[in-house]
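Novice: Submitted below is the structure of interest, expressed as structure tokens.
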Amino acid sequence: MTAQSAAAAARATVYGYPRQGQNRELKKAVEGYWKGRVGADALRTTAEDLRRSNWRQLSDAGIHEVPSGDFSYYDHVLDTSVMVGAVPERHRAAVDADALDGYFAMARGTQDVAPLEMTKWFDTNYHYLVPELGPDTVFTADPAKQVSEFKEALALGLTARPVLVGPLTYLLLAKPAPGVAADFEPLTLLDRLLPVYAEILADLRAAGAEWVQLDEPSLVQDRTPAELNAAARAYRDLGGETDRPKLLVASYFGRLGDALPVLAKAPIDGLALDLTGSAAGNLDALAAVGGLPGKRLVAGVVDGRNIWINDYEKSLATLGTLLGLADRVDVAASCSLLHVPLDATAERDIDPEISRWLAFARQKTEEIAVLARGLGQGTYAITAELITNRAALASRAGSALTRDPAVRARTAAVTDADARRSQPYTERTTAQRARLGLPPLPTTTIGSFPQTDELRTARADLRGGRIDTAGYEERIKEEIREVLSFQEKAGLDVLVHGEPERNDMVQYFAEQLTGYVATNHGWVQSYGTRYVRPPVLAGDISRPEPMTVRWTSYAQSLTDHPVKGMLTGPVTMLAWSFVRDDQPLADTARQVALALRDEVNDLEAAGTSVIQVDEPALRETLPPRSADHADYLAWATESFRLTTGGVRPDTQIHTHMCYAEFGDIVQAIDDLDADVISLEAARSHMQVARELAAHGYPREAGPGVYDIHSPRVPSTEEATALLLKGLEAIPAERLWVNPDCGLKTRGWPETRASLENMVAAAREIRSRP
Ligand code: GLN
Ligand code: ZN
């Protein structure tokens, strides 16, 4: 095929769409079902309506080939487990009794049975349910969901392409089932899994699917030669089947690297590549392997994970280059649109200047359609769109919001010394001990205390104008008094104010920083029925005035114990927001760091002797390729040090991280140059403490002794046992006693009892000879 005919055939497509609906109808229906207020039929109808309206939206926007099967009541990886019959033994009875209830039991657990574990979907903020597999796993094909959703789309007269998690990615995302040896490798089940995929593909073919998409984002991560061989084998087998639809293998979230030649050679019919940001390197790599002669290339030129408008001219240039490299070039977003909010036009409070720069899922599908038209018919067919696009991009580039001279001058003037404390850790720790006068094994918490219904109501009342600011602040103070008085009574050593004024640990700061924009409806699925509204780092960041000082100072005025100031760190601010795509992440991080540095310094000036800067996202933001780690860790740790580097030696800097796998970033944690770190450890029986010790981590640390993810109250004996375990790895002079994480999702009764037991455990060990 010539480049011209490849262009003429260009089609617009997407891999997936937000599931929740305009008003989060899905969340309401599913949660209603759990509470028994919505029947199974009503839930199904809601789901069907949402799917239909999504497909209509896509098709009206000019998407030629719509995805099917991407919808989910909870999670698409759990759907895949159901599709291949990988139901854990402990859930079998529930699934056999009622498929829908069994499905939710796997997702959420029941009174007696634990759910599947949940973890992050690559480096996004979406969480999937981890498949549990073992040597005895038997796969069986259950294509019902895929087939029926495909037929629904077909019934609307649309061209649909079922989207499945690919077999390799499915196995690479799995873990050994409970009771199976920890070194069991799910990938060894590939030969058992492939026939099941072949059967499902045949069923979809029989239902009328011309193309089926198999998602293999795992292939953008570092893969061993054995894993690449498995990929080659999988697609040789599936491609070799006779009774099959055409296979589109989709990669996203980065560049394919060594997996590109493997897939290019495989007997599949199409390949989808991410061509945004640093994945743009896929283009040269594709040229280097000689392109995809005879195959379909789906070009992910519209960023599916961020909310900025596309640069049409740049995308068209990329698409033009690709034309010579494949038989047919289609236009898509870089990944499923699941990771962006639904519709930017729903935002009425955003400055119209900024609104022009935003594209959510709905706007992105329009962009994809425009680009496909421009590619297929020539740019004259999209003249008006090009003019509008160019003007919007120019407005963004020239805006005073994206270029604040004062911020730019300040970031440019940053020196190495700014990102360094005035004394090394070993010296300042003496000064801190003298100032704080804490007992050995000091006790503290991670910051938040239960966010009660009364607090949420107060916030809603403030928004709804039912109470004024003064009334709201009085309620917050009341809460702080209660939190303080409990901590004093319980005998904690370093107290917190409890964060009652914060709706969310990122949004609270975003709302107060210039350059940040919050959305009203920008919901994105985090897991199951939990949705978050990440704020947008839209422009240069500055802090017009202190953000937390008066609350911390108020709390400090109520007690003689040190009250810990509490901030969200720069890396986490970026990780849980939509970031700028018009400057390096490192530059944005530096701006946020300087704004937070002012807050840290103001806290210190107000008399705060302990300041915690939370960085739970440090580990999860590691790029998928290890070749990119050093670069990331350099700016990430520098921005933390820039935030905290301006304080006196006797001011103690804490940091906090959640999640348990730290082995590979202990050096980076040390590079933060914090004085104390608290980490999640209760469930893993202090594994983290052992890992820190194994890497020679030299600083004070508080591995959590209270699992805050469950309402269970740990007994004093349990907490004591965990502390003794911790002491095997970390000496008493450096061990802190704290829960795993913040307490905002807990209720008061269990929080009280658990913290009292935790303090009792610390005292019990202190009293030992
Ligand atoms: N300070 C925050 C809290 O206690 C930390 C939360 C987190 O790390 N996720 O809620
Ligand atoms: Zn945490």
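The values are calculated or read from the model by the stated rules, or taken from the named source; none is laboratory data. This structure is a prediction, so every number in the text was calculated from the model and none was measured. Here the Cβ is made from the backbone with ideal geometry for all residues, glycine too, and neighbour counts use every protein chain on show.
Yes/no matrix, rows are residues, columns are (1) within 13 Å of VAL494 (Cβ to Cβ); (2) among the small types (Gly, Ala, Ser); (3) in contact with a strand residue (DSSP E or B) (Cβ under 7 Å, 6 or more places away or on another chain); (4) not in a loop (DSSP other than H, G, I, E, B):
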{"site": "SER422", "(1), (2), (3), (4)": "no, yes, no, no"}
{"site": "THR429", "(1), (2), (3), (4)": "no, no, no, yes"}
{"site": "ILE446", "(1), (2), (3), (4)": "yes, no, yes, no"}
{"site": "ALA460", "(1), (2), (3), (4)": "no, yes, no, yes"}
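Novice: Across the range 535-556, what is the total count of residues that are surrounded by fewer than 18 Cβ atoms within 10 Å (Cβ to Cβ) and of a type in the set (D, E, K, R)?
Specialist: 2
Novice: Sticking with this structure for a sec: Of the residues THR13, THR46, which is over 28 Å from VAL331 (Cβ atoms) and in the same structural domain as ALA155 (by the TED database)?
Specialist: Details: THR13 fails: over 28 Å from VAL331 (Cβ atoms).
Answer to the check: THR46.
Novice: How many residues, within the range 303-339, are in a strand (DSSP E or B) and closer than 22 Å to ARG580 by Cα?
Specialist: 3
Novice: Report yes if LEU393 is closer than 30 Å to GLY270 by Cα and over 24 Å from the mean Cα position of the chain (by Cα), otherwise no. First the steps, then the outcome.
Specialist: Working: closer than 30 Å to GLY270 by Cα: no; over 24 Å from the mean Cα position of the chain (by Cα): yes.
Against the criterion (closer than 30 Å to GLY270 by Cα and over 24 Å from the mean Cα position of the chain (by Cα)), LEU393 does not qualify.
Novice: Which of (1) of a type outside the set (Lys, Arg); (2) over 17 Å from GLY69 (Cα atoms); (3) free of Cβ contacts under 8 Å to residues at least 60 places away in the same chain; (4) in a helix (DSSP H, G or I) does ASP243 not meet, given it meets every other one?
Specialist: Exception for ASP243: condition (4).
Novice: Look at VAL331 and say whether it is touching a Phe, Trp or Tyr at 6+ places or on another chain (Cβ under 8 Å), under 30 Å from VAL163 (Cβ atoms) and surrounded by 15 or more Cβ atoms within 10 Å (Cβ to Cβ). Outline the logic, then answer.
Specialist: On the way: touching a Phe, Trp or Tyr at 6+ places or on another chain (Cβ under 8 Å): no; under 30 Å from VAL163 (Cβ atoms): yes; surrounded by 15 or more Cβ atoms within 10 Å (Cβ to Cβ): yes.
Taking the combined requirement at face value, the residue does not satisfy it.
Novice: Please give the number of the condition PRO546 fails out of (1) within 16 Å of ligand 1 (Cβ to nearest atom); (2) assigned to a loop (DSSP other than H, G, I, E, B).
Specialist: Of (1) within 16 Å of ligand 1 (Cβ to nearest atom); (2) assigned to a loop (DSSP other than H, G, I, E, B), only one is false for PRO546: (1).
Novice: Pairs please, first residue from the range 609-628 and touching a residue at least 60 places away in the same chain (Cβ under 8 Å), second anywhere and away from ligand 2 (no atom under 16 Å from the Cβ) and assigned to a strand (DSSP E or B), Cβ atoms under 6 Å, 6+ apart in sequence or on different chains.
Specialist: Correct list of pairs: VAL610/GLN652.
Novice: Additional query: Restricted to the range 563-598, and to residues that are over 19 Å from the mean Cα position of the chain (by Cα) and within 16 Å of ligand 1 (Cβ to nearest atom), which residue is surrounded by the most Cβ atoms within 10 Å (Cβ to Cβ)?
Specialist: The selected residue is GLY565.
Novice: Conditions first: (1) at pLDDT below 90; (2) among the β-branched types (Val, Ile, Thr); (3) touching a Ser or Thr at 6+ places or on another chain (Cβ under 7 Å). VAL130 passes all but one, so which condition is the exception?
Specialist: (1)
Novice: May I ask you to say which residue of THR169, THR188 is more than 26 Å from the chain's Cα centre (by Cα) and among the β-branched types (Val, Ile, Thr)? Can you show your working first?
Specialist: Details: THR169 fails: more than 26 Å from the chain's Cα centre (by Cα).
So the residue among THR169, THR188 that is more than 26 Å from the chain's Cα centre (by Cα) and among the β-branched types (Val, Ile, Thr) is THR188.
Novice: Test ARG466 against the criterion of being in a helix (DSSP H, G or I), farther than 30 Å from TYR17 by Cβ, of a type in the set (Lys, Arg) and out of contact with any strand residue (DSSP E or B) (no Cβ under 7 Å at 6 or more places or on another chain), and give yes or no.
Specialist: Numbers: in a helix (DSSP H, G or I): no; farther than 30 Å from TYR17 by Cβ: yes; of a type in the set (Lys, Arg): yes; out of contact with any strand residue (DSSP E or B) (no Cβ under 7 Å at 6 or more places or on another chain): yes.
It is false that ARG466 is in a helix (DSSP H, G or I), farther than 30 Å from TYR17 by Cβ, of a type in the set (Lys, Arg) and out of contact with any strand residue (DSSP E or B) (no Cβ under 7 Å at 6 or more places or on another chain).
So that you can scan it fast, the table gives a plain yes or no per residue for (1) within 16 Å of ligand 2 (Cβ to nearest atom); (2) among the aliphatic types (A, V, I, L, M):
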site: ASP707; (1), (2): yes, no
site: VAL713; (1), (2): no, yes
site: ALA721; (1), (2): no, yes
site: LEU724; (1), (2): no, yes
site: ARG746; (1), (2): yes, no
site: ARG752; (1), (2): no, no
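Novice: Let me ask something else about it. Residue by residue through the range 592-647, note down the ones that are within 26 Å of ASP123 (Cα to Cα) and in a loop (DSSP other than H, G, I, E, B).
Specialist: Within the range 592-647, GLU615, PRO616, ALA617, LEU618, ARG619, GLU620, THR621, LEU622, PRO623, PRO624, ARG625 qualify.
Novice: Restricting attention to the range 652-685, report how many residues are among the small types (Gly, Ala, Ser), part of a helix (DSSP H, G or I) and either within 20 Å of LYS725 (Cβ to Cβ) or within 14 Å of ligand 2 (Cβ to nearest atom) (or both).
Specialist: Number of matching residues: 1.
Novice: Tell me the residue from LYS175, LYS120 that is among the basic types (Lys, Arg), in the same structural domain as VAL38 (by the TED database), more than 23 Å from ALA332 (Cα to Cα) and under 19 Å from the mean Cα position of the chain (by Cα), please. So that I can check it myself, show each step before the final result.
Specialist: Numbers: LYS175 fails: under 19 Å from the mean Cα position of the chain (by Cα).
So the residue among LYS175, LYS120 that is among the basic types (Lys, Arg), in the same structural domain as VAL38 (by the TED database), more than 23 Å from ALA332 (Cα to Cα) and under 19 Å from the mean Cα position of the chain (by Cα) is LYS120.
Novice: Could I ask something else about it? Filter the range 707-751 for residues that are at pLDDT 95 or above and among the hydroxyl-bearing types (Ser, Thr, Tyr); which is nearest to ligand 1 (Cβ to nearest atom)?
Specialist: THR751
Here's the yes/no breakdown for (1) in contact (Cβ under 8 Å) with a residue 24 or more places away in the chain; (2) β-branched (Val, Ile, Thr); (3) more than 16 Å from ligand 2 (Cβ to nearest atom):
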site: PHE486; (1), (2), (3): yes, no, yes
site: VAL494; (1), (2), (3): yes, yes, yes
site: GLU501; (1), (2), (3): yes, no, yes
site: ASP504; (1), (2), (3): yes, no, no
site: VAL517; (1), (2), (3): yes, yes, yes
site: GLY522; (1), (2), (3): yes, no, yes
site: SER526; (1), (2), (3): yes, no, no
site: PRO535; (1), (2), (3): yes, no, yes
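Novice: Step by step: first the residues of the range 481-505, then only those that are β-branched (Val, Ile, Thr) and in a loop (DSSP other than H, G, I, E, B), then the one that is surrounded by the most Cβ atoms within 10 Å (Cβ to Cβ). Which residue is that?
Specialist: Initial filter on the range 481-505 (β-branched (Val, Ile, Thr)): 483, 494, 496.
Checking which are in a loop (DSSP other than H, G, I, E, B) leaves us with 494, 496.
Details: VAL494: 23, VAL496: 26.
Across the range 481-505, the extreme among qualifying residues is VAL496.
Novice: So, one more: With the requirement that a residue be more than 15 Å from ligand 1 (Cβ to nearest atom), buried (at least 22 other Cβ atoms within 10 Å of the Cβ) and free of Cβ contacts under 8 Å to residues at least 40 places away in the same chain, what does the range 655-690 give you?
Specialist: The answer is none; no residue qualifies.
Novice: Taking interchain pairs and intrachain pairs at least six residues apart, which have beta carbon atoms under 7 angstrom, with the first residue in the range 169-196 and under 14 Å from TYR128 (Cβ atoms) and at pLDDT below 95 and the second small (Gly, Ala, Ser) and part of a loop (DSSP other than H, G, I, E, B)?
Specialist: Between residues of the range 169-196 that are under 14 Å from TYR128 (Cβ atoms) and at pLDDT below 95 and residues that are small (Gly, Ala, Ser) and part of a loop (DSSP other than H, G, I, E, B), there is no close pair.
Novice: If the Cβ limit is 7 Å and pairs must be 6+ apart or interchain, which residue in the range 6-35 that is without any contact (Cβ under 8 Å) to a residue 60 or more places away in the chain pairs with which residue that is assigned to a loop (DSSP other than H, G, I, E, B)?
Specialist: The qualifying pairs are ALA29/VAL38; GLY32/VAL38.
Novice: Moving on to the next point. Looking only at the range 691-703, decide whether some residue is over 26 Å from PRO562 (Cβ atoms), in a loop (DSSP other than H, G, I, E, B) and away from ligand 2 (no atom under 16 Å from the Cβ).
Specialist: Yes - at least one qualifying residue is present in the range 691-703.
Novice: Need the failing condition index for GLY447 against (1) on the phi < 0 side of the Ramachandran plot; (2) within 16 Å of ligand 1 (Cβ to nearest atom), just the number.
Specialist: All conditions are met except number (1).
Novice: Another question, then. Any residue at all in the range 383-399 that's more than 16 Å from ligand 2 (Cβ to nearest atom), in contact (Cβ under 8 Å) with a residue 40 or more places away in the chain and outside any helix (DSSP H, G or I)? Break it down stepwise before answering.
Specialist: Just the residues of the range 383-399 that are more than 16 Å from ligand 2 (Cβ to nearest atom), to begin with: 383-399.
Then drop every residue that is not in contact (Cβ under 8 Å) with a residue 40 or more places away in the chain, which leaves 385-386, 389-390, 392-393, 395-397, 399.
Keeping just the survivors that are outside any helix (DSSP H, G or I) gives 399.
Checking the range 383-399: at least one residue is more than 16 Å from ligand 2 (Cβ to nearest atom), in contact (Cβ under 8 Å) with a residue 40 or more places away in the chain and outside any helix (DSSP H, G or I).
Novice: For the range 555-580, how many residues are more than 16 Å from ligand 2 (Cβ to nearest atom) and over 16 Å from GLU599 (Cα atoms)? Steps first, answer last, please.
Specialist: Residues of the range 555-580 more than 16 Å from ligand 2 (Cβ to nearest atom): 555-563, 565, 570, 574, 577-580.
Now restrict to residues that are over 16 Å from GLU599 (Cα atoms): 555-562, 574, 577-580.
Residues meeting the conditions: 13.
Novice: Right, here's the next one. Output the residues belonging to the range 499-549 that are more than 20 Å from the chain's Cα centre (by Cα) and among the small types (Gly, Ala, Ser).
Specialist: GLY515, GLY539, SER542
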